[in-house]
Amino acid sequence: MSAMDLSSAAFPVNTPKFWGDEKELVANCIETGWISSEGPAVKKFEAKLASKCGRRHAIACANGTAALDIAVKALQLGKGDEVILPSFCIISVITQVVRGGSVPVLVDSDSTFNMDVAQIRERLTPRTKAIICVHTYHFPVDMEPVLALVKERGIKVIEDAAEMIGQTCLGRPCGSFGDISTMSFYPNKHITTGEGGMVLCDAPDLAERCQQLRNLCFDPKKRRFVHEELGWNYRMTNLQAALGLGQLSHLEEAVSRKREIGRLYTKLLEGCPGLILPPDKNQKSESNIYWVYGVEVAPSVSCDADAVMKRLAAAKVGTRPFFWPMHEQPVFEPMGFFKGQSFPVAERIARRGFYIPSGLALEDHEVEEVARRIRKVMEEIVSADGGYSK
Ligand SMILES: Cc1ncc(COP(=O)(O)O)c(C=O)c1O
């Protein structure tokens, strides 16, 4: 968008970026006829991502939710098993845990929005079979204590690295920590395939199991169309993988651009009344990856995130609310989960947090215009509140 038309421009919450080489790769699928999951780009995309994450196996699939479904099923989490996960996360993390008959056990978030790993030990029981770590928005989960704990107790880890593609933790790539790790390539991710996901692991038997689950549990040892088990059609198409290959060759640029956008927002919004900005660094982990630029409405402000987002929508600034905690989801009420449980940090950030336009295609002058509008709206809100002295 040119600098001139910005005053009346609308800014969507996400604008994906294409680097140029994707077009030819996708066109090649059409020219060669390789458009289903059978094409060569799928295997190339899997190999390239596995190598970027230091994993032996990668299994491309339909989306990040599908990758999590496969992970939970492949690790044989089933009836009566307890699975520890954060209350503050997307519903995709818990869906197959519940459908498969396991018991979800929640922990609260810490100041980074990630699961508070200190609470995991308190939630362990002899039935705990796995922990799902979900790197959220800015920083990775504090993996060191989690890894020590699972080694000591012999439990499994699923690492949801959907929002941290290209991030590191303890000097290792995110996506390298789980018995199974998962990713999503939805258009707001660092690399996109439109819709898409990946399962990553090292054990060959797990990889084979994940491939089977992705493909309707076809059994190569049996006659075709004879099944011993039910799986899913969670395959990724060659068209999507071709797009992913083009995107993946720009991962480092994407990560560095996201950090530039994040740091520019912070510079422009520093001191903005009523907004708490995300830190660039964190004592325990790497620099903020700014998957999104998430902010909190300060406790001194009388209205919550919903009201601020409405005002920003009127100013044509797209926003998205933070996740809604799992223990407050209506869908789990009739199932009897989480009755009477409270996770104060998750509850607070769900009500006070939202994120602002964070797409990779944002240009500096657009970030400047967005920040200007946000500052104006926040100044109006805080001044109507009677200022900070109230
Ligand atoms: C952490 C996390 N996990 C899983 C998902 C689900 O991915 P998908 O939308 O590809 O199903 C998302 C989606 O944004 C996510 O942010």
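The values are calculated or read from the model by the stated rules, or taken from the named source; none is laboratory data. No experiment lies behind these values; they were computed from the predicted model shown. All Cβ positions, glycine included, derive from the backbone under ideal geometry; neighbour counts span all protein chains shown. The area values use the complete protein model at the heavy-atom level, side chains included, leaving out ligands, DNA and RNA. Shrake-Rupley method; radii C 1.70, N 1.55, O 1.52, S 1.80 Å.
Couplings 3J(HN,Hα) for region 201-216, derived from phi with the Karplus relation 6.51 cos²θ - 1.76 cosθ + 1.60 (θ = phi - 60°), are 7, 10, 6, x, 5, 5, 4, 5, 5, 5, 4, 5, 4, 5, 10, 6 Hz, where x marks Gly and Pro. Put simply, the convex hull of the Cα atoms in region 295-390 casts, on average, a shadow of 8.0 nm². With the biggest extent put first, the Cα atoms of region 115-267 measure 62, 45, 20 Å across the principal axes. Counting only DSSP H runs of at least 4 residues, each contributing -39500 (n - 2.57), and dividing by the residue count of the chain, the helix-based mean residue ellipticity at 222 nm comes to -11000 deg cm²/dmol. What's the carbon and sulfur percent of the chain's accessible surface, probe 1.4 angstrom, rounded to a whole number? C and S atoms contribute 54 percent here. Between the listed residues T237, F354, I276, the Cα displaced farthest toward the positive end of the dipole of the chain, a dipole computed from Cβ unit charges relative to the Cα centre, is found at T237. Stokes-Einstein diffusion of region 32-160 at 25 °C, 0.890 mPa s viscosity, Kirkwood radius from Cα pairs, rounded to a whole number: 155 µm²/s.
Can you bin region 178-235 into rounded, prolate or oblate? Criterion: square roots of the alpha carbon gyration tensor eigenvalues sorted a ≥ b ≥ c, rounded for a/c under 1.5, prolate for a/b above b/c, oblate for the rest. The shape class here is oblate.
Summed over the residues of the chain and divided among them, the accessible surface reaches 44 Å² per residue at a probe radius of 1.4 Å.
For the chain, excluding the exposed loop sites themselves (GluC sites (Glu not before Pro), DSSP loop, at most 14 other Cβ atoms within 10 Å), the longest remaining stretch covers 39-227. Show log10 I(q)/I(0) for region 128-173 at q = 0.26 Å⁻¹, two decimals, from a solvent-free Debye sum over equal Cα scatterers. Log10 I(q)/I(0), no solvent term: -0.98. A Förster distance of 35 Å, applied to the separation of the beta-carbon atoms of E270 and R123, puts the FRET efficiency at 0.40. Which stretch or stretches of region 358-388 have amide N atoms under 18 Å from the point lying 7 Å from L277's Cα along the Cα→Cβ direction? Counting only backbone N, you get 358-359, 363-380, 382. Percent antiparallel among DSSP beta bridges with both residues in region 127-200, to the nearest 5? Around 45 percent of the beta bridges assigned by DSSP in region 127-200 are antiparallel ones. Given K43/K79; K52/K73; K73/K129; K281/K316; K48/K221, which pairs have Cα atoms separated by over 23 Å? Long pairs (Cα-Cα over 23 Å): K43/K79; K52/K73; K281/K316; K48/K221. In this Cβ point-charge picture (+1 for Lys and Arg, -1 for Asp and Glu), the chain has a dipole of about 660 debye about its Cα centre. Kirkwood Rh, Cα Rg: Rg to Rh for the chain? On the Cα set of the chain, Rg over Rh gives 0.98.
Here's how it looks for V134: its modeled amide H is under 5 Å from those of M115, D160, which are all 5 or more places away or on a different chain. Each 5 Å bin from zero holds the following percent of Cα-Cα pairs in region 208-307: 2, 10, 12, 11, 10, 9, 9, 10, 9, 8, 5, 3, 1, 0.
With a Förster radius of 22 Å, plug the Cβ-Cβ distance of T95 and C217 into 1/(1 + (r/R0)^6) and report the FRET value to the nearest 0.05. Taking R0 as 22 Å, the efficiency between T95 and C217 is 0.70. The stretch between E252 and K43 holds 73.1 nm of extra length on full extension. This uses 0.36 nm per residue minus the Cα-Cα distance. The overall shape of region 228-267 is prolate: from the C-alpha gyration tensor, with semi-axes ordered a ≥ b ≥ c, the ratio a/c is 1.5 or greater and a/b exceeds b/c. The smallest convex shape that holds all Cα atoms of region 23-89, its convex hull, gives 143 Å³ per residue.
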